[in-house]
Each structure stands twice: as C-alpha cells, then as structure tokens.
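What follows is calculated from the coordinates using simple rules that are stated; it is not laboratory data. As the structure is a computational prediction, the values presented were derived from the model and not from experiment. So basically every Cβ, Gly included, is an ideal-geometry build from the backbone, and we count neighbours across all protein chains shown.
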Amino acid sequence: MPVPGPTIARAAGVVEGVTGHAGRDGSEDSVEVKIGIADSNRELVINSTQSVEDVEKQARSAFESGNPTTLELTDEKGRKYLVPSDKVAYVEIGPADPRKVGFAAL
C-alpha cells in the first residue's frame, strides 16, 4: 500500500490574502511555519516574514516535483532552513502568535 505524501495545512484563522500580523515594531508581517519531520517526534517551528502564499507555493513545488528536492525557508532574522522534501511529514502554516511578556493572570 502506498504511503501518503506530506500534507499542507493552513491553521485556523488564516484567511486567503492575509499574511499574518504586524511584528513588534509594526513593520513586518509574520507567519509561523511548523514542519513535521518523518521518523522524529519533534517539529521544526519557523517564524517567517514570507507570505502564507509564498510558503505554501514553495512547499507544494517541493512535494509535487516527484523527485527528492529541498524545501527552503527563511526566518525573521534571515536564517535559512533547508529541509529535504522526502523527510517532511507535514507543513502547517498560520499566523505567528505575539510574544507574551509578564506574569499577568488571564
């Protein structure tokens, strides 16, 4: 029986055309990308300034090529992440959560 390929999911709250939310200084949008790695119980979490559509397009092209390729993403600080497409179990794309600071009760 063939093993299903990686899946791409948009997290709840992500609407077409929305790229995330403003960063701390209000200058850049940010999306959170979670990549599940095959044969690993951990996931890679990247906060990227790329749009939801750009990340989704890169992930789809890496998976649909039929040949093992590399999924390349860049985070907010400019670091590049290269993940072999044949090791990706899933990709989840959603708005980045704002950082919470302090000890206030909610």
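Assorted remarks:
- In loop segments of the stretch 22-91 as defined by DSSP, the GluC sites (Glu not before Pro) with at most 16 further C-beta atoms inside 10 Å of their C-beta are Glu28, Glu76.
- Note on Glu43 and Tyr81: the model spin-label points, each 7 Å out from Cα along the C-beta direction, lie 1.1 nm apart.
- Order of Ile35, Ile93 under a 10 Å beta carbon neighbour criterion, fewest first: Ile35, Ile93
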